[in-house]
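The values are calculated or read from the model by the stated rules, or taken from the named source; none is laboratory data. This one's a predicted model, so the numbers in the text were calculated from it and none came from an experiment. Positions of Cβ are backbone-derived with ideal geometry, glycine not excepted, and every protein chain shown enters the neighbour counts.
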Amino acid sequence: MPERSVLVLTSLAGGDRHGYALIKDIESFSGVALSPGTLYGALAKLEADGYVQRLPADDRRYPYRLTSKGRAVLAERLAESARIANLGLERIALGGT
Amino acid sequence: MSRRLTCAILRLYPRRVRQRHGPEIMALIDDLIAHDGRSRAGLLIHLAVDGLGQRIASTATVWTMGAVLAATSVGGLAVSDFADASAHQDVSRTVRTLAPARHTHQTPHHQPRWRRSLRRARMIARGSASSRSNRHGDPVRCECRAASEPLATAAAVGQPQPRRGTRILLPRSMQLSVGAAAKSA
């Protein structure tokens, strides 16, 4: 799963959001500024995979919600990232050159 | 003008993204300009670059799938031909061709009865199979050493002789004896 998809799923794990709110949230916790095309390309793929669902529109702005399948995939992916991060931190702490 | 330009740039995106998320992308661009003070030109450039990237990725996926499909088809045909050629390799030794062959494309399973009987007789001559009787109950013993043996063998097992002009297939050892017989004649 691409990194931008993980960022989108992580943002949606905090609640339903539409495009602008997603961009601002992702920028706040990761420092990554997604462009509109990148964001909606990722959302289209995630929606096709069943990880997010589009909610009824508020004007032209559709909120998105994380599905249970998307939550499970995100949890698995973040656990794997955490395991690798912990391993790397342990090795750094042991003083590897 | 800028809306038409945005619509034109959105055409770079795959249809799936463009049709489902096109209005949302335009609304998001309006929001970014209104709330964040982002420049429209910069956003449109990023939009075009992303659209091209997604279009290339989408097209590459289609081409990759097509290439894989074509490669597997060609590979399957090649394996099939190789297996077919291997099945014929021990049988098909052409001695002579008096006229264009009629049965060269037939598989062993669909060969005429006289050719299958000929093969059986060759196996008996090599000692790899026991002799058997013909349809009249007479024992059949084959000594495949003469040039006329294939025709004699076909007659011995009770099958009609191949007509003149039919390609006769023999193993390599028999080709040598046939060639020597032809020279001596």
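Structure data summary
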{"quantity": "Residues (part of a loop (DSSP other than H, G, I, E, B), at pLDDT 95 or above and among the aliphatic types (A, V, I, L, M)) located in region A:50-73", "calculated": "none"}
{"quantity": "Number of the exception - B:Gln89 against (1) at pLDDT 55 or above; (2) surrounded by 10 or more Cβ atoms within 10 Å (Cβ to Cβ); (3) of a type outside the set (A, V, I, L, M); (4) farther than 30 Å from A:Leu39 by Cα", "calculated": "(2)"}
{"quantity": "Selected residue (criterion: farthest from B:Arg18 (Cα to Cα)) from residues of region A:43-69 that are of a type in the set (A, V, I, L, M) and more than 10 Å from chain B (Cβ to nearest Cβ)", "calculated": "A:Leu66"}
{"quantity": "Flag for A:Arg71 being among the basic types (Lys, Arg), closer than 23 Å to B:Ile9 by Cα and either surrounded by fewer than 18 Cβ atoms within 10 Å (Cβ to Cβ) or touching a helix residue (DSSP H, G or I) at 6+ places or on another chain (Cβ under 8 Å) (or both)", "calculated": "no"}
{"quantity": "Among residues of region B:39-80, those that are surrounded by 15 or more Cβ atoms within 10 Å (Cβ to Cβ) and closer than 17 Å to A:Ala42 by Cα, counted", "calculated": "10"}
{"quantity": "Within region B:6-34, considering residues that are at the interface with another protein chain (Cβ under 7 Å from one of its Cβ atoms) and of a type in the set (D, E, K, R), the one surrounded by the most Cβ atoms within 10 Å (Cβ to Cβ)", "calculated": "B:Glu24"}
{"quantity": "Tally, over region A:37-62, of residues that are closer than 14 Å to A:Tyr20 by Cα and in contact with a strand residue (DSSP E or B) (Cβ under 6 Å, 6 or more places away or on another chain)", "calculated": "1"}
{"quantity": "Residue satisfying condition, being loosely packed, with under 13 Cβ neighbours inside 10 Å and at pLDDT below 95, within set A:Glu47, A:Glu90, A:Glu76", "calculated": "A:Glu90"}
{"quantity": "Given (1) within 12 Å of another protein chain (Cβ to nearest Cβ); (2) in a helix (DSSP H, G or I), number of the condition A:Ser28 does not satisfy", "calculated": "(1)"}
{"quantity": "Yes/no for B:Gly37 being at positive phi and away from every other protein chain (no Cβ under 12 Å)", "calculated": "yes"}
{"quantity": "Single residue of region B:40-69 satisfying the filter (polar (S, T, N, Q) and free of Cβ contacts under 8 Å to residues at least 12 places away in the same chain) that is nearest to the other protein chains (Cβ to nearest Cβ)", "calculated": "B:Thr61"}
{"quantity": "Residue check, A:Ala13 surrounded by fewer than 22 Cβ atoms within 10 Å (Cβ to Cβ) and touching a residue at least 24 places away in the same chain (Cβ under 8 Å)", "calculated": "yes"}
